[in-house]
Amino acid sequence: MNRGSHLTSGAILSAASLGIYAASPALQGAISYEWAGVFVLAVMAGSTAPDWLEIPHYNKQAGKRVSLISHRTITHWTLLWVLLSVYALIHLVTILNPILIGNAIMVEPWLKGFILLVKSIPFYNTVTLNSAQSDMNAYLIIVGFSIGAVTHCLMDMMTPKGVPVLAPYLFRNFSLRLVRGFTGEMLFLVAFFAAMATLVRGAWL
Ligand SMILES: [Zn+2]
């Protein structure tokens with residue numbers, strides 16, 4: 001899928017994140033506006049990361065794009081990005097939870113539900129370590145970057161070339177074979193926008 005489509009999905013994801021942030025005084029009390037902006041930058045960087053991490057360049061002799069790491073292999077390893085985002089999210093919620101409760105900030109029911117959901121992830125208690133509040137910003141960046149990359153992998157999964165889900169090199173790339181060409185990409189982005197808009201609407205209700 002082309003760079004423009006990935007950046008558009010990153011922009012949709014960023015707008016949705018800001019929409020959810022704007023709906024929640026509790027989140028605004030815990031995370032500053034500046035860091036919400038940094039989160040957006042991390043999402044945008046992450047949404048194209050699986051491609052630029054391959055270190056691509058144009059080979060004049062071959063007359064095509066070549067890359068240091070072969071295309072759609074290790075940098076598109078979907079499971080790895082999912083695990084990284086879950087890991088960072090667990091840490092983020094661990095840090096946010098006492099801040100939200102300690103400051104007696106009114107936590108919206110949906111946010112409480114989301115925190116409970118993250119806490120229900122197996123091994124939550126074993127991963128929970130003495131995460132300092134100062135680490136919060138680092139985890140914000142990792143969460144933003146990795147969910148951007150997960151979105152990238154999901155988009156590439158729609159195309160015939162697919163992505164490695166469980167392990168690159170060991171298994172064939174997995175493809176849903178749903179999107180081919182420009183119209184397919186546009187339809188996918190419209191559907192993604194609708195899904196994100198529904199999510200944001202839920203946070204405002
Ligand atoms: Zn890609």
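Every read-out reported here was derived from the displayed coordinates using simple, explicitly stated rules and does not represent laboratory data. Not measured: the values here are computed from a predicted model. Backbone-built Cβ (ideal geometry, glycine too); neighbour counts: all protein chains shown.
Points to keep in mind about this one:
- Tilt relative to the chain, helix 78-102 - C-alpha long axis, 0 to 90 degrees, to 10: 20
- Calculated from backbone phi, Karplus (6.51, -1.76, 1.60) coupling profile of segment 175-191 in Hz, x at Gly/Pro: 9, 8, 6, 9, 10, 9, x, 4, 4, x, 5, 4, 4, 4, 5, 5, 5
- Cβ crowding within 10 Å, taken as a proxy for footprinting-reagent exposure, orders H71, H57 from fewest neighbours to most as H57, H71.
- Fewest-first ordering of V66, V107 by other beta carbons within 10 Å of each residue's beta carbon gives V66, V107.
- Ratio Rg/Rh, restricted to segment 150-205 and using Cα atoms, in which Rh is the Kirkwood radius: 1.11
- Helix axis angle, 136-157 relative to the chain longest principal axis, alpha carbon, degrees: 40
- The residue among S175, L13, A36 whose Cα reaches farthest toward the positive pole of the charge dipole of the chain, with charges on the beta-carbon of Lys, Arg, Asp and Glu, is S175.
- Average Cα contact separation per residue, the chain, under 8 Å, 6 or more apart, as relative contact order %: 32
- Sorted by Cβ density within 10 Å, fewest first, the residues F182, F188: F182, F188
- In percent, rounded to a whole number, the relative contact order of segment 35-144 is 35, using alpha-carbon pairs under 8 Å and six or more apart.
- Principal-axis tilt of helix 3-22 within the chain, Cα atoms, nearest 10 degrees: 10
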